[in-house]
């Protein structure tokens, strides 16, 4: 049971590290390349649950902002 969980965690960590590595190449500035891109990608792969929670929070915030758009431009605070 534990070995299956550890294997699953390692596979997801590897997939997320490769994803972060590829995406960091696509969104990085060509004039200032990141010197430690591989190390940062491996670290991101190791903490993939935290990244998943951050993506979920960002998505919920985006949905909330979209649902509460107002046509008028009045400055309202918590209304």
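The values are calculated or read from the model by the stated rules, or taken from the named source; none is laboratory data. What you are looking at is a predicted structure, and each value in this text was computed from that prediction instead of being measured. Ideal geometry is used to build each Cβ from the backbone, glycine not excepted, and the neighbour counts take in all protein chains shown.
Side notes on the structure shown:
- Of the numbered criteria (1) loosely packed, with under 10 Cβ neighbours inside 10 Å; (2) at pLDDT 90 or above, the one residue 15 fails is (1).
- Any hit, the stretch 52-68, residues being in contact with a helix residue (DSSP H, G or I) (Cβ under 9 Å, 6 or more places away or on another chain), part of a helix (DSSP H, G or I) and at pLDDT below 80: no
- Applying a threshold of 9 Å to beta carbon distances and a minimum spacing of six or more residues, or different chains, the list of pairs starting in the stretch 32-43 at a residue that is on the phi < 0 side of the Ramachandran plot and modelled with pLDDT under 75 and ending at one that is part of a loop (DSSP other than H, G, I, E, B) and surrounded by 10 or more Cβ atoms within 10 Å (Cβ to Cβ) reads 34/28.
- Among (1) in a helix (DSSP H, G or I); (2) loosely packed, with under 12 Cβ neighbours inside 10 Å, the one test that residue 31 misses: (1)
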